[in-house]
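Here the structure comes first, spelled out in C-alpha coordinates, and everything after it is commentary.
The values are calculated or read from the model by the stated rules, or taken from the named source; none is laboratory data. All values derive from a computational prediction rather than experimental measurement. Virtual Cβ from ideal backbone geometry, glycine too; neighbours counted across all protein chains shown. Just so you know, the surface numbers come from the protein's heavy atoms only, side chains and all, with ligands and any DNA or RNA stripped out. Shrake-Rupley method; radii C 1.70, N 1.55, O 1.52, S 1.80 Å.
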Amino acid sequence: MRNQFVGTRTPPFFVRFVLSLLLGAVALAAHAGSDAIVLYPGYGDARGAVVEGRVIESESIKAASATDSRWRNFLRNVRLLFNDEREGRNVTVHVAGRDWTAVTDEEGYLKVTIDSAQTLTPGWQLVTARVGDQSGEGALLIVPPENALGIISDIDDTILISDVTDKDKLLANAFLKNPLQRKVVPGVADFYRRLAGRNPRPEAAPIIYLSASPRQLHTSIQAFLDFNRFPRGVLITKKVTNDRTSEPLTNQIAYKTQKIEDILARLPHVRFVLVGDDGEKDPETYRDIHTRYPARVEAIWIRRVHPDPARATFPEQGDLARALATTADAAGKK
(Lines give C-alpha, C1' and ligand atoms only; values in the text may rest on other atoms or scores of the structure.)
Protein backbone atom coordinates (compact mmCIF):
# COMPACT_ATOMS: atom_id res chain seq x y z
CA MET A 1 0.00 0.00 0.00
CA ARG A 2 1.51 3.29 -1.10
CA ASN A 3 0.88 6.73 0.24
CA GLN A 4 0.71 9.04 -2.77
CA PHE A 5 -0.59 12.16 -1.10
CA VAL A 6 1.50 15.25 -1.63
CA GLY A 7 0.97 18.84 -0.60
CA THR A 8 2.31 21.98 -2.16
CA ARG A 9 4.74 22.61 0.69
CA THR A 10 6.04 20.76 3.75
CA PRO A 11 6.54 23.32 6.55
CA PRO A 12 7.62 22.15 10.06
CA PHE A 13 4.09 22.14 11.50
CA PHE A 14 3.15 19.70 8.76
CA VAL A 15 5.13 16.90 10.46
CA ARG A 16 2.54 16.55 13.24
CA PHE A 17 -0.20 16.34 10.69
CA VAL A 18 1.61 13.67 8.67
CA LEU A 19 2.03 11.58 11.83
CA SER A 20 -1.70 11.78 12.54
CA LEU A 21 -2.36 10.94 8.89
CA LEU A 22 -0.29 7.79 9.16
CA LEU A 23 -1.95 6.82 12.42
CA GLY A 24 -5.30 7.24 10.74
CA ALA A 25 -4.17 5.01 7.87
CA VAL A 26 -3.24 2.25 10.33
CA ALA A 27 -6.80 2.38 11.67
CA LEU A 28 -8.40 1.80 8.26
CA ALA A 29 -10.86 -1.05 7.90
CA ALA A 30 -9.84 -4.13 5.90
CA HIS A 31 -10.04 -3.88 2.12
CA ALA A 32 -12.80 -5.69 0.28
CA GLY A 33 -10.16 -7.33 -1.93
CA SER A 34 -11.74 -7.17 -5.39
CA ASP A 35 -10.70 -4.86 -8.22
CA ALA A 36 -12.35 -1.47 -8.76
CA ILE A 37 -12.10 0.65 -11.90
CA VAL A 38 -11.94 4.44 -11.75
CA LEU A 39 -12.38 6.30 -15.04
CA TYR A 40 -11.37 9.96 -15.26
CA PRO A 41 -13.30 12.31 -17.58
CA GLY A 42 -11.75 12.61 -21.03
CA TYR A 43 -12.09 15.24 -23.71
CA GLY A 44 -11.18 15.85 -27.34
CA ASP A 45 -12.56 16.89 -30.70
CA ALA A 46 -12.98 15.32 -34.13
CA ARG A 47 -9.23 14.66 -34.35
CA GLY A 48 -8.98 12.46 -31.29
CA ALA A 49 -9.35 12.04 -27.56
CA VAL A 50 -7.81 10.28 -24.58
CA VAL A 51 -9.45 8.21 -21.86
CA GLU A 52 -7.55 7.51 -18.64
CA GLY A 53 -8.36 5.40 -15.62
CA ARG A 54 -7.01 3.31 -12.80
CA VAL A 55 -7.56 -0.12 -11.32
CA ILE A 56 -7.22 -0.29 -7.53
CA GLU A 57 -8.36 -2.59 -4.76
CA SER A 58 -12.00 -2.03 -3.97
CA GLU A 59 -12.89 -0.35 -0.69
CA SER A 60 -16.23 0.21 0.97
CA ILE A 61 -16.33 3.91 1.89
CA LYS A 62 -19.56 5.33 3.25
CA ALA A 63 -20.96 8.28 1.31
CA ALA A 64 -20.51 11.72 2.84
CA SER A 65 -23.31 13.41 4.76
CA ALA A 66 -23.75 17.07 5.69
CA THR A 67 -23.94 16.01 9.36
CA ASP A 68 -20.72 13.94 9.44
CA SER A 69 -18.34 14.63 12.31
CA ARG A 70 -14.82 15.93 11.82
CA TRP A 71 -13.37 12.56 12.88
CA ARG A 72 -15.53 10.64 10.40
CA ASN A 73 -14.48 13.05 7.66
CA PHE A 74 -10.83 12.63 8.60
CA LEU A 75 -10.98 8.84 8.37
CA ARG A 76 -12.83 8.95 5.06
CA ASN A 77 -10.41 11.46 3.53
CA VAL A 78 -7.40 9.44 4.67
CA ARG A 79 -8.85 6.30 3.13
CA LEU A 80 -9.20 8.12 -0.18
CA LEU A 81 -5.47 8.86 -0.17
CA PHE A 82 -4.30 5.29 0.36
CA ASN A 83 -4.79 2.96 -2.61
CA ASP A 84 -3.64 -0.58 -3.36
CA GLU A 85 -2.97 -0.33 -7.07
CA ARG A 86 -3.43 -3.27 -9.46
CA GLU A 87 -0.57 -3.80 -11.90
CA GLY A 88 -0.82 -5.79 -15.12
CA ARG A 89 -4.62 -5.88 -15.34
CA ASN A 90 -6.13 -6.28 -18.81
CA VAL A 91 -8.86 -3.68 -19.21
CA THR A 92 -11.41 -3.31 -22.01
CA VAL A 93 -12.68 0.22 -22.60
CA HIS A 94 -15.93 0.65 -24.55
CA VAL A 95 -17.02 3.89 -26.24
CA ALA A 96 -19.81 4.30 -28.79
CA GLY A 97 -19.87 0.71 -29.95
CA ARG A 98 -16.10 0.25 -30.14
CA ASP A 99 -13.63 -1.45 -27.82
CA TRP A 100 -10.06 -0.55 -26.89
CA THR A 101 -7.76 -2.58 -24.68
CA ALA A 102 -5.12 -1.48 -22.20
CA VAL A 103 -2.88 -3.01 -19.54
CA THR A 104 -2.43 -1.20 -16.22
CA ASP A 105 1.07 -0.06 -15.28
CA GLU A 106 2.74 -0.65 -11.92
CA GLU A 107 0.69 2.18 -10.40
CA GLY A 108 -2.56 0.73 -11.72
CA TYR A 109 -3.05 3.44 -14.36
CA LEU A 110 -4.32 2.88 -17.89
CA LYS A 111 -4.57 5.13 -20.93
CA VAL A 112 -6.45 4.70 -24.19
CA THR A 113 -5.95 6.97 -27.20
CA ILE A 114 -8.93 7.31 -29.50
CA ASP A 115 -7.46 8.57 -32.76
CA SER A 116 -10.66 8.50 -34.77
CA ALA A 117 -13.01 10.51 -32.62
CA GLN A 118 -14.70 11.76 -35.78
CA THR A 119 -16.75 8.56 -35.56
CA LEU A 120 -18.12 9.77 -32.22
CA THR A 121 -21.11 12.05 -31.99
CA PRO A 122 -20.12 15.47 -30.60
CA GLY A 123 -21.21 15.94 -27.01
CA TRP A 124 -20.91 13.76 -23.93
CA GLN A 125 -20.24 10.07 -24.49
CA LEU A 126 -20.63 7.25 -21.98
CA VAL A 127 -17.42 5.31 -21.35
CA THR A 128 -17.47 1.87 -19.76
CA ALA A 129 -14.55 -0.31 -18.73
CA ARG A 130 -14.27 -3.92 -17.59
CA VAL A 131 -11.58 -5.92 -15.83
CA GLY A 132 -12.50 -9.49 -15.02
CA ASP A 133 -16.04 -9.42 -13.65
CA GLN A 134 -15.77 -5.81 -12.46
CA SER A 135 -16.91 -2.76 -14.44
CA GLY A 136 -16.87 1.01 -14.17
CA GLU A 137 -18.34 4.02 -15.94
CA GLY A 138 -16.99 7.38 -17.00
CA ALA A 139 -17.55 10.15 -19.54
CA LEU A 140 -15.86 11.58 -22.61
CA LEU A 141 -16.56 15.05 -24.01
CA ILE A 142 -16.20 15.43 -27.78
CA VAL A 143 -16.37 19.20 -28.16
CA PRO A 144 -18.67 20.24 -31.03
CA PRO A 145 -16.87 22.29 -33.70
CA GLU A 146 -19.34 25.15 -33.25
CA ASN A 147 -18.49 25.50 -29.52
CA ALA A 148 -15.58 27.94 -29.63
CA LEU A 149 -15.57 29.39 -26.09
CA GLY A 150 -14.27 27.43 -23.12
CA ILE A 151 -13.31 27.85 -19.48
CA ILE A 152 -10.21 26.66 -17.66
CA SER A 153 -10.86 27.03 -13.95
CA ASP A 154 -8.69 26.48 -10.93
CA ILE A 155 -10.39 24.85 -7.91
CA ASP A 156 -8.86 25.82 -4.54
CA ASP A 157 -9.74 29.37 -3.50
CA THR A 158 -11.15 30.06 -6.95
CA ILE A 159 -14.43 28.18 -6.65
CA LEU A 160 -13.81 26.19 -3.45
CA ILE A 161 -12.80 28.14 -0.34
CA SER A 162 -9.65 26.39 0.87
CA ASP A 163 -7.60 29.12 2.64
CA VAL A 164 -4.41 28.12 0.82
CA THR A 165 -2.52 31.04 2.37
CA ASP A 166 -3.21 29.69 5.89
CA LYS A 167 -1.85 26.13 6.10
CA ASP A 168 -3.66 25.25 9.33
CA LYS A 169 -7.01 26.24 7.85
CA LEU A 170 -6.08 24.58 4.57
CA LEU A 171 -5.48 21.22 6.24
CA ALA A 172 -8.61 21.52 8.38
CA ASN A 173 -10.72 22.27 5.30
CA ALA A 174 -9.18 19.43 3.31
CA PHE A 175 -9.31 16.68 5.93
CA LEU A 176 -11.93 17.58 8.54
CA LYS A 177 -14.73 18.46 6.13
CA ASN A 178 -16.42 16.59 3.30
CA PRO A 179 -17.65 17.87 -0.10
CA LEU A 180 -21.11 18.67 1.25
CA GLN A 181 -19.63 20.82 4.03
CA ARG A 182 -17.05 22.77 2.04
CA LYS A 183 -17.79 26.43 1.28
CA VAL A 184 -18.31 27.48 -2.31
CA VAL A 185 -17.39 30.88 -3.73
CA PRO A 186 -20.85 32.43 -4.30
CA GLY A 187 -21.89 33.20 -7.86
CA VAL A 188 -19.15 31.34 -9.76
CA ALA A 189 -21.38 28.49 -10.92
CA ASP A 190 -23.84 31.00 -12.42
CA PHE A 191 -20.97 32.91 -14.01
CA TYR A 192 -19.72 29.72 -15.67
CA ARG A 193 -23.20 28.86 -16.92
CA ARG A 194 -23.48 32.28 -18.54
CA LEU A 195 -20.12 31.84 -20.25
CA ALA A 196 -21.05 28.36 -21.44
CA GLY A 197 -24.32 29.79 -22.74
CA ARG A 198 -22.41 31.81 -25.32
CA ASN A 199 -21.86 28.56 -27.21
CA PRO A 200 -24.46 27.12 -29.61
CA ARG A 201 -24.45 23.92 -27.53
CA PRO A 202 -23.95 24.99 -23.89
CA GLU A 203 -24.43 21.46 -22.52
CA ALA A 204 -21.24 20.42 -24.33
CA ALA A 205 -19.18 23.54 -23.60
CA PRO A 206 -15.46 22.85 -23.09
CA ILE A 207 -15.31 23.57 -19.36
CA ILE A 208 -12.13 22.28 -17.74
CA TYR A 209 -11.76 22.21 -13.96
CA LEU A 210 -8.00 22.04 -13.37
CA SER A 211 -6.95 20.96 -9.90
CA ALA A 212 -3.50 20.38 -8.41
CA SER A 213 -4.96 17.89 -5.92
CA PRO A 214 -3.98 14.22 -6.34
CA ARG A 215 -6.27 11.92 -8.30
CA GLN A 216 -7.06 10.06 -5.10
CA LEU A 217 -9.29 13.04 -4.26
CA HIS A 218 -10.93 13.15 -7.70
CA THR A 219 -14.30 11.73 -6.61
CA SER A 220 -14.43 14.09 -3.64
CA ILE A 221 -13.83 17.18 -5.78
CA GLN A 222 -16.37 16.01 -8.34
CA ALA A 223 -18.90 15.56 -5.54
CA PHE A 224 -18.32 19.19 -4.53
CA LEU A 225 -18.89 20.38 -8.11
CA ASP A 226 -22.07 18.34 -8.44
CA PHE A 227 -23.44 19.35 -5.02
CA ASN A 228 -22.96 23.04 -5.82
CA ARG A 229 -24.47 22.68 -9.30
CA PHE A 230 -21.49 23.72 -11.36
CA PRO A 231 -22.01 23.16 -15.10
CA ARG A 232 -20.84 19.80 -16.34
CA GLY A 233 -17.19 19.79 -17.32
CA VAL A 234 -13.97 17.79 -17.35
CA LEU A 235 -12.22 17.60 -13.98
CA ILE A 236 -8.45 17.15 -14.25
CA THR A 237 -6.54 16.13 -11.13
CA LYS A 238 -2.85 15.44 -10.64
CA LYS A 239 -1.35 12.03 -11.32
CA VAL A 240 0.87 11.41 -8.31
CA THR A 241 2.97 8.25 -8.43
CA ASN A 242 6.12 6.80 -6.91
CA ASP A 243 7.95 6.68 -10.24
CA ARG A 244 9.01 8.91 -13.12
CA THR A 245 5.47 9.01 -14.52
CA SER A 246 4.39 11.32 -11.70
CA GLU A 247 3.37 14.84 -12.66
CA PRO A 248 5.24 17.74 -11.00
CA LEU A 249 4.73 17.43 -7.26
CA THR A 250 5.43 20.87 -5.82
CA ASN A 251 5.97 22.96 -8.96
CA GLN A 252 2.41 24.11 -9.60
CA ILE A 253 3.42 26.49 -12.39
CA ALA A 254 5.00 23.62 -14.34
CA TYR A 255 2.02 21.37 -13.70
CA LYS A 256 -0.65 23.88 -14.72
CA THR A 257 1.33 25.19 -17.68
CA GLN A 258 1.72 21.67 -19.03
CA LYS A 259 -1.98 20.91 -18.61
CA ILE A 260 -3.13 24.18 -20.19
CA GLU A 261 -0.81 23.65 -23.15
CA ASP A 262 -2.27 20.16 -23.58
CA ILE A 263 -5.78 21.62 -23.56
CA LEU A 264 -4.90 24.29 -26.13
CA ALA A 265 -3.30 21.69 -28.40
CA ARG A 266 -6.19 19.23 -28.14
CA LEU A 267 -8.87 21.89 -28.72
CA PRO A 268 -7.28 24.27 -31.27
CA HIS A 269 -10.57 25.90 -32.29
CA VAL A 270 -11.43 27.07 -28.76
CA ARG A 271 -10.64 30.35 -27.02
CA PHE A 272 -10.57 30.10 -23.25
CA VAL A 273 -11.50 32.20 -20.25
CA LEU A 274 -8.89 31.50 -17.55
CA VAL A 275 -10.11 31.73 -13.95
CA GLY A 276 -7.89 31.44 -10.87
CA ASP A 277 -6.81 33.13 -7.65
CA ASP A 278 -3.74 34.96 -6.40
CA GLY A 279 -3.16 32.75 -3.34
CA GLU A 280 -0.34 30.98 -5.17
CA LYS A 281 0.84 31.29 -8.78
CA ASP A 282 -2.23 31.44 -11.02
CA PRO A 283 -1.61 35.07 -12.07
CA GLU A 284 1.96 34.30 -13.14
CA THR A 285 0.95 31.10 -14.90
CA TYR A 286 -1.89 32.75 -16.78
CA ARG A 287 0.26 35.74 -17.70
CA ASP A 288 2.79 33.41 -19.33
CA ILE A 289 0.04 31.57 -21.22
CA HIS A 290 -1.49 34.86 -22.39
CA THR A 291 1.91 36.14 -23.54
CA ARG A 292 2.65 33.04 -25.58
CA TYR A 293 -0.87 32.27 -26.81
CA PRO A 294 -2.67 35.65 -26.96
CA ALA A 295 -5.13 34.52 -29.63
CA ARG A 296 -6.28 31.62 -27.46
CA VAL A 297 -7.17 33.63 -24.34
CA GLU A 298 -10.55 35.35 -24.25
CA ALA A 299 -10.16 36.81 -20.74
CA ILE A 300 -8.47 36.22 -17.38
CA TRP A 301 -10.26 36.59 -14.04
CA ILE A 302 -8.45 36.35 -10.71
CA ARG A 303 -10.03 36.01 -7.27
CA ARG A 304 -8.14 38.21 -4.78
CA VAL A 305 -7.33 36.19 -1.64
CA HIS A 306 -3.69 37.03 -0.93
CA PRO A 307 -3.25 38.83 2.43
CA ASP A 308 -0.55 41.15 1.08
CA PRO A 309 -2.15 44.15 -0.66
CA ALA A 310 1.13 44.65 -2.53
CA ARG A 311 0.81 41.27 -4.21
CA ALA A 312 1.63 41.75 -7.91
CA THR A 313 -1.26 42.20 -10.36
CA PHE A 314 -1.24 42.26 -14.14
CA PRO A 315 -3.19 44.67 -16.37
CA GLU A 316 -4.71 41.99 -18.60
CA GLN A 317 -6.23 40.20 -15.58
CA GLY A 318 -9.54 41.33 -14.12
CA ASP A 319 -10.89 40.96 -10.59
CA LEU A 320 -13.22 37.95 -10.44
CA ALA A 321 -15.39 39.72 -7.86
CA ARG A 322 -16.26 42.34 -10.48
CA ALA A 323 -17.22 39.71 -13.03
CA LEU A 324 -19.42 37.95 -10.48
CA ALA A 325 -21.11 41.21 -9.51
CA THR A 326 -21.85 41.95 -13.17
CA THR A 327 -23.35 38.49 -13.59
CA ALA A 328 -25.49 38.95 -10.48
CA ASP A 329 -26.72 42.33 -11.72
CA ALA A 330 -27.62 40.89 -15.10
CA ALA A 331 -29.53 38.05 -13.46
CA GLY A 332 -31.39 40.49 -11.20
CA LYS A 333 -32.58 42.59 -14.15
CA LYS A 334 -34.33 39.63 -15.77
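Below, the figures for the structure above:
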item: From the C-alpha gyration tensor of region 117-163, square roots of 5λ in Å; result: 28, 22, 5
item: Selection from 276, 44, 80 lying farthest towards where the dipole of the chain points positive, charges on Cβ; result: 276
item: Probe 1.4 Å, accessible area per residue of the chain, Å²; result: 46 Å²
item: Positive minus negative residues near residue 49 (Lys, Arg vs Asp, Glu; Cβ under 10 Å); result: 0
item: Value of Rg/Rh across the chain [Cα atoms, Kirkwood radius]; result: 0.95
item: Cα principal axis extents for region 225-313, largest first, Å; result: 40, 35, 33
item: Region 44-104 - convex hull of the alpha-carbon atoms, volume per residue in Å³; result: 148 Å³
item: Cα-only radius of gyration and Dmax that characterise region 88-184, units Å; result: 18.8, 50
